[in-house]
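Here's the structure, in structure tokens; my notes come after.
The values are calculated or read from the model by the stated rules, or taken from the named source; none is laboratory data. Quantities reported herein were computed from a predicted structural model and do not represent experimental measurements. Using ideal geometry, Cβ is built from the backbone for each residue, glycine included, and neighbour counts are taken over all protein chains shown.
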Amino acid sequence: MHCQAKDYINLKYNSYRLLGDNTAKKNVIVFDLDGVLADTVKQTLRHIEEETAIKKTNDDIKHYDLTIDLSLPRDYIIRAFRKAWKEYELIEPVDPNIPYILNKLHEKSKIYIVTSSVGADKEIIGWLKKNNIVYDRLVHVKKDNDKLNVEADVFIEDNPYLAMELKNAGKFVILLKQPWNIEFRNNGIAFAMNWNELFSIINERLS
């Protein structure tokens, strides 16, 4: 069963809408959206293939900066991501077990989704509802390192450079395995090979 967001914050437009809160839960877990919850890269690559005949899969993307692997301008890639989000119904979850795992975590912790995604708010919320994603707050920031200003007990990221920034700022961060961050596996950051392992690391950290 889907649990609607209790708080909705949009830092991109400096607006705030309070829908309630659950103060009984002390721990806060922050999840990134693209690459952690939503497999937007897969859908973006489909659009790029349709338009350019450049055929790539997620496994071909070895750098967080897609311009390196695709040899395309950054603006073009951003437009492809925006196109993917406009068809958010086609974006798959990174792992089919995400709704179940988040529901288990939500029993004891608050779930924040903090993202700098190019997706529009209504598209992101639509995707979260469609995929039965439970969460307490959605925070849409202007840029990735705005997450440094968020207070939480655990951060889940796929961006290896942001993960390093968070770690250096004294925050506990877990890097979820993706082809573009695998080389950071032994870089002093907690690393989860999949969502089941991520669940175990979070539980151990918060126990």
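Table: residues versus (1) touching a residue at least 24 places away in the same chain (Cβ under 8 Å); (2) of a type outside the set (Gly, Ala, Ser); (3) within 28 Å of Glu165 (Cα to Cα); (4) in a helix (DSSP H, G or I).
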residue	(1), (2), (3), (4)
Asp69	no, yes, yes, yes
Ile78	yes, yes, yes, yes
Phe81	yes, yes, yes, yes
Tyr100	no, yes, no, yes
Lys122	no, yes, no, yes
Val139	yes, yes, yes, no
Ala152	yes, no, yes, no
Pick from segment 52-65 the residues that are touching a residue at least 40 places away in the same chain (Cβ under 8 Å) and not in a loop (DSSP other than H, G, I, E, B): which of them is surrounded by the most Cβ atoms within 10 Å (Cβ to Cβ)? Asn58
Within segment 102-120, take every residue that is outside any helix (DSSP H, G or I) and of a type in the set (Lys, Arg) and give me the one that is surrounded by the most Cβ atoms within 10 Å (Cβ to Cβ). Lys110
Can you tell me which residue in segment 154-188 is surrounded by the fewest Cβ atoms within 10 Å (Cβ to Cβ), limited to those that are over 20 Å from Val41 (Cα atoms) and at pLDDT below 95? Asn186
Name every residue in segment 124-134 that is touching a residue at least 40 places away in the same chain (Cβ under 8 Å) and either at positive phi or assigned to a helix (DSSP H, G or I) (or both), in order of residue number. Ile124, Ile125, Trp127, Leu128, Lys129, Lys130, Asn132
Subset of segment 23-51 that is surrounded by fewer than 17 Cβ atoms within 10 Å (Cβ to Cβ) and assigned to a loop (DSSP other than H, G, I, E, B) - its residue that is modelled with the lowest pLDDT: Thr23
Go through segment 154-201 and report how many residues are closer than 14 Å to Phe31 by Cα, of a type in the set (Gly, Ala, Ser) and assigned to a strand (DSSP E or B). 1
Pairs, first in the same structural domain as Val173 (by TED's automatic domain parsing) in segment 106-119, second of a type in the set (Lys, Arg) and not in a loop (DSSP other than H, G, I, E, B), C-beta under 6 Å, six or more apart: Tyr112/Arg137; Val114/Lys147; Val118/Arg82
Could you grab the pairs with beta carbons closer than 7 Å, sequence gap of 6+ or different chains, first residue in segment 160-178 and in the same structural domain as Lys143 (by TED's automatic domain parsing) and farther than 19 Å from Leu198 by Cα, second one assigned to a helix (DSSP H, G or I) and modelled with pLDDT under 95? Glu165/Asn145
